[in-house]
Number of protein chains: 2
Amino acid sequence: MIELILETGYELLRDMPQKYTILDIAKTAGVSRGTVSRVLNNHPSVSDQTRQKVLEVIKRLDYSPNFSARSLRTAASNMVGFATDEVITTPFAVDIIRGAQDTLSQYGKVMIAINTGYDSQAMQKSMEVLLERRVEGIVYAAMFHREIDIPAQLVERIPVVLANCFSKDQLLPSVVPDEVSGGYNATKALLDAGHTRIGFINLSRAWGEPIAPLPASDGRLKGYKKALAEADVPYDEDLLHYTDQRPTSSYDKTLEIMQKDDPPTAIFCGNDRTAMGCYNALMSLSLRIPDDVAVVGFDNQSNLCEALYPSLTTVQLPHYEMGQWAVEYLLNHADDSVDPPQHKLNCPLVTRDSV
Amino acid sequence: MIELILETGYELLRDMPQKYTILDIAKTAGVSRGTVSRVLNNHPSVSDQTRQKVLEVIKRLDYSPNFSARSLRTAASNMVGFATDEVITTPFAVDIIRGAQDTLSQYGKVMIAINTGYDSQAMQKSMEVLLERRVEGIVYAAMFHREIDIPAQLVERIPVVLANCFSKDQLLPSVVPDEVSGGYNATKALLDAGHTRIGFINLSRAWGEPIAPLPASDGRLKGYKKALAEADVPYDEDLLHYTDQRPTSSYDKTLEIMQKDDPPTAIFCGNDRTAMGCYNALMSLSLRIPDDVAVVGFDNQSNLCEALYPSLTTVQLPHYEMGQWAVEYLLNHADDSVDPPQHKLNCPLVTRDSV
DNA sequence: TACCATTATGGGATCGATCCCATACGCAAA
DNA sequence: TTTGCGTATGGGATCGATCCCATAATGGTA
């Protein structure tokens with residue numbers, strides 16, 4: 001049978017879904033199934049001669065073991081589910097996926113990616129798919145930092161780690177950006193550059209539909225205040241504004257903020273898009289960046305920051321690192337019976353030319 | 001492959017609490033395994049009474065069938081591999097993933113996502129992982145439109161469809177953006193608005209490392225010329241410029257192009273980033289958009305286009321649709337013994353306020 | 001009532017690997 | 001030579017589902 005297949009070329013081979021089995025290899029090499037299995041799994045008690053013979057046959061026949069058969073017996077799926085909602089506000093949030101994927105492949109495991117969609121029924125269905133496949137756990141990632149609701153039923157059945165989001169009562173391990181550190185780092189960079197009047201155009205709570213607290217907004221403000229306090233610079237409420245996501249909003253706010261008495265010499269923007277509107281407004285006022293007014297953004301959307309002139313100093317969200325952390329925790333500590341950690345990752349400053 | 005196998009340790013035993021089996025369900029419901037299997041697979045010849053009884057037990061015990069066991073017998077993995085290189089120039093290219101994923105879930109299948117990395121050895125290894133898992137096929141997606149090289153050895157063993165890229169001799173089915181249509185649509189929009197002097201700041205061939213032909217650049221130029229020809233507007237080589245990806249490059253080129261005799265009244269930019277530099281240059285010349293000079297971009301990077309003022313009219317790359325097409329073709333036509341199609345998808349205009 | 005077609009159900013064989021017990025072999029010590 | 005022990009190998013049992021044949025139950029018709 002083996003000879004037949006070899007002679008007829010790959011056209012036929014491709015039609016045969018299962019190709020060769022361990023038995024084909026065993027027969028061809030003149031050994032038993034058990035021996036081939038031992039070679040495959042690097043078991044010590046196989047003679048070098050036999051091992052070489054088997055490996056040679058494996059290579060020659062392009063044999064690759066059937067994963068389903070193996071995992072049926074060993075109950076090791078070597079798969080992790082990666083679920084996301086579909087809401088993409090920051091396209092760079094996909095770095096979470098990359099971080100998770102790279103870490104998984106270090107462990108020789110793979111990721112099954114699914115979208116949960118919006119309604120919890122579709123989510124339930126997606127999760128069933130993952131359970132059926134006996135994934136070792138699930139990483140649930142949100143596309144922006146927020147609170148989410150995972151069905152309790154699911155959590156009882158399989159380890160779940162949250163990335164860029166957290167659950168209501170902090171019952172699940174989660175990793176999120178340390179927004180406070182981000183706000184602090186941005187503000188401190190401006191303080192260090194000698195600024196003491198620092199405007200802050202923060203993100204609005206009204207981000208599309210109403211979401212209870214917006215951790216990004218609250219955290220960054222906290223960091224802003226903390227940096228000011230440390231530098232003994234008084235907090236001035238007049239310097240704080242909120243924008244919604246309409247394009248002209250931050251433009252208008254910047255004009256407003258600059259036309260007051262004692263205008264700021266620096267502006268910290270809640271995200272890079274906001275900073276872009278800010279740039280336009282400053283330009284229309286014939287103010288130079290950073291000579292007249294320094295600007296710092298948030299998000300580090302590289303397609304935007306680097307395209308601006310001068311390029312935008314901003315704060316980086318640790319998307320890649322969140323993906324890494326979530327997988328590491330899932331694989332190594334999912335069974336720990338401790339309070340689920342709520343891990344926060346620093347948001348470092350990315351220095352460019354706007355400060 | 002052999003290296004890969006050797007690396008998998010022997011003691012990969014992980015005790016996963018293997019919930020219930022089909023036999024548990026059968027016993028609890030007082031029926032046989034076969035009957036439970038029939039219920040699970042919606043087989044008609046099961047009495048309503050029995051079916052209800054079994055379903056009730058399944059629900060009560062939170063039973064979910066073991067996928068490995070099923071696919072061992074049926075040889076249907078219901079999985080498709082999705083491989084990408086890591087080079088992300090346009091973050092929105094992830095829409096390819098979404099398109100593929102959504103289509104797969106319509107078929108009740110899932111995606112295994114992997115990064116191939118840069119070197120072909122790492123790629124080979126990734127592919128082995130997919131083969132071992134008996135995926136039905138592989139979608140290989142590039143993050144920008146280009147030619148790629150898939151190992152012949154792989155292609156012989158499993159169906160492969162390319163998205164946003166193509167193979168040297170067009171031996172593999174592929175789906176790519178119709179760059180010509182994009183260039184045409186952009187230029188035509190400007191012609192329709194009454195412009196006859198249309199500058200074109202095209203993408204440079206020198207995109208980081210040297211890549212043979214840059215389909216985006218060549219195609220868009222072709223579309224530009226085609227639209228001009230159709231409108232009987234002579235092609236003027238003075239209006240064509242190339243930028244590299246340095247931030248200030250398109251700024252400088254715009255100044256250069258506008259300071260010539262008989263400057264253009266409209267500029268078509270090779271991508272949205274280029275358009276952004278163009279905006280800045282026009283603003284510094286005190287020219288209003290679109291009143292003095294109209295601008296069209298390319299890519300439709302929404303975080304950028306909508307943040308610009310006025311918002312940028314641009315051309316959309318059909319990322320989502322490429323993902324859809326690739327999966328559809330893979331599932332329905334992979335075995336067709338015809339010349340592998342090289343499918344091109346239209347790049348539609350997205351109208352905003354800059355024309 | 002006898003007969004046949006259809007529906008409903010049970011259970012053995014099977015998929016391709018691993019696990020593990022039994023056994024053959026080689027070699028050193030008694 | 002015999003005994004003993006570790007190494008190398010073979011092959012039956014097993015994982016959890018599906019497939020399929022055999023058989024029981026049901027219902028309609030002659």
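The values are calculated or read from the model by the stated rules, or taken from the named source; none is laboratory data. All figures in this text were calculated on a predicted structure; none of them were measured in a lab. Cβ atoms come from the backbone with ideal geometry, glycine included; neighbour counts cover every protein chain shown. Surface accessibility is based on the protein's heavy atoms, side chains included, excluding ligands, DNA and RNA. Shrake-Rupley method; radii C 1.70, N 1.55, O 1.52, S 1.80 Å.
Collect the residues in the range A:213-228 that are open to solvent by less than 20 Å² (accessible area, probe 1.4 Å) and more than 27 Å from the chain's Cα centre (by Cα), keeping them in residue-number order. First the steps, then the outcome.
So in the range A:213-228, the residues open to solvent by less than 20 Å² (accessible area, probe 1.4 Å) come out as A:214, A:216-217, A:219-220, A:223-224, A:227-228.
Hits for the range A:213-228 are A:A227, A:L228.
Assess whether A:V80 counts as being more than 10 Å from every other protein chain (Cβ to nearest Cβ) and either over 35 Å from the mean Cα position of the chain (by Cα) or open to solvent by 50 Å² or more (accessible area, probe 1.4 Å) (or both).
no
Checking A:I198 against (1) on the phi < 0 side of the Ramachandran plot; (2) open to solvent by less than 10 Å² (accessible area, probe 1.4 Å); (3) not assigned by TED's automatic domain parsing to the domain that holds A:A216: exactly one of these is not met. Which one? Here A:I198 meets the rest and fails (3). Of the numbered criteria (1) of a type outside the set (A, V, I, L, M, F, W, C); (2) within 13 Å of chain B (Cβ to nearest Cβ); (3) touching a strand residue (DSSP E or B) at 6+ places or on another chain (Cβ under 8 Å); (4) open to solvent by less than 40 Å² (accessible area, probe 1.4 Å), the one A:R98 fails is (4).
If you go through the range B:56-77 and keep only what is of a type in the set (A, V, I, L, M, F, W, C) and either more than 8 Å from chain A (Cβ to nearest Cβ) or in contact with a Cys (Cβ under 9 Å, 6 or more places away or on another chain) (or both), you end up with B:V57, B:I58, B:L61, B:A76. Only one of the listed residues (B:F268, B:F298) is touching a Phe, Trp or Tyr at 6+ places or on another chain (Cβ under 6 Å) and not β-branched (V, I, T). That residue is B:F268. Residues considered: A:A152, A:A231. Of these, the only one that is outside the structural domain of A:A294 (by TED's automatic domain parsing), open to solvent by 20 Å² or more (accessible area, probe 1.4 Å) and either more than 20 Å from A:N346 (Cα to Cα) or free of Cβ contacts under 8 Å to residues at least 60 places away in the same chain (or both) is A:A152. Has the range A:120-134 got any residue that is in contact with a helix residue (DSSP H, G or I) (Cβ under 9 Å, 6 or more places away or on another chain), assigned to a loop (DSSP other than H, G, I, E, B) and within 23 Å of A:L203 (Cα to Cα)? No, every residue in the range A:120-134 fails to be in contact with a helix residue (DSSP H, G or I) (Cβ under 9 Å, 6 or more places away or on another chain), assigned to a loop (DSSP other than H, G, I, E, B) and within 23 Å of A:L203 (Cα to Cα). Would you check if A:A100 is assigned to a helix (DSSP H, G or I), over 21 Å from A:A216 (Cα atoms) and free of Cβ contacts under 8 Å to residues at least 12 places away in the same chain? Against the criterion (assigned to a helix (DSSP H, G or I), over 21 Å from A:A216 (Cα atoms) and free of Cβ contacts under 8 Å to residues at least 12 places away in the same chain), A:A100 does not qualify.
Pairs, please: C-beta under 7 Å, at least 6 apart or cross-chain, first residue among the hydroxyl-bearing types (S, T, Y) and in the range A:287-299, second buried (at least 24 other Cβ atoms within 10 Å of the Cβ)? Taking only residues 6 or more apart or on different chains, not a single pair turns up.
Condition check ((1) out of contact with any Lys or Arg (no Cβ under 8 Å at 6 or more places or on another chain); (2) at the interface with chain B (Cβ under 10 Å from one of its Cβ atoms)) across all residues:
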site: A:L104; (1), (2): yes, yes
site: A:G108; (1), (2): yes, yes
site: A:A113; (1), (2): yes, yes
site: A:D119; (1), (2): yes, no
site: A:Q124; (1), (2): yes, no
site: A:E128; (1), (2): yes, yes
site: A:Y140; (1), (2): yes, no
site: A:E147; (1), (2): no, no
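Of all residues in the range A:39-55, those that are more than 11 Å from chain B (Cβ to nearest Cβ) have Cβ atoms under 7 Å from Cβ atoms of residues that are within 10 Å of DNA strand C (Cβ to nearest atom) and among the hydroxyl-bearing types (S, T, Y), 6 or more apart or on another chain, in A:V46/A:T35; A:T50/A:T35. Residues considered: A:L61, A:L55, A:L23, A:L40. Of these, the only one that is more than 9 Å from DNA strand D (Cβ to nearest atom), open to solvent by 70 Å² or more (accessible area, probe 1.4 Å), aliphatic (A, V, I, L, M) and not assigned by TED's automatic domain parsing to the domain that holds A:V135 is A:L23. For the range B:79-92, the count of residues that are away from DNA strand C (no atom under 12 Å from the Cβ) and closer than 24 Å to A:R157 by Cβ is at least one. Checking each residue in the range A:332-354 for being more than 30 Å from A:A266 (Cα to Cα) and touching a Leu at 6+ places or on another chain (Cβ under 8 Å) picks out only A:P340. Could you look through the range A:108-146, keep only residues that are more than 20 Å from A:L72 (Cβ to Cβ) and of a type in the set (V, I, T), and pick out the one that is surrounded by the fewest Cβ atoms within 10 Å (Cβ to Cβ)? Ranking the candidates gives A:T116 first.
Taking the numbered list (1) within 11 Å of DNA strand C (Cβ to nearest atom); (2) of a type outside the set (S, T, Y); (3) without any contact (Cβ under 8 Å) to a residue 12 or more places away in the chain in turn, B:F67 passes all entries but (1).
May I ask you to verify whether B:Y242 is more than 21 Å from B:A93 (Cβ to Cβ) and away from every other protein chain (no Cβ under 14 Å)? In short, yes. Within the range B:204-211, one or more residues are open to solvent by less than 60 Å² (accessible area, probe 1.4 Å) and under 30 Å from B:D232 (Cα atoms). Listed conditions (1) more than 30 Å from B:A163 (Cα to Cα); (2) of a type in the set (D, E); (3) within 13 Å of chain A (Cβ to nearest Cβ) are all met by B:D261, apart from (3). Of everything in the range B:65-84, what is small (G, A, S) and under 20 Å from A:D102 (Cα atoms)? Give them in sequence order. Matches in the range B:65-84: B:G81, B:A83.
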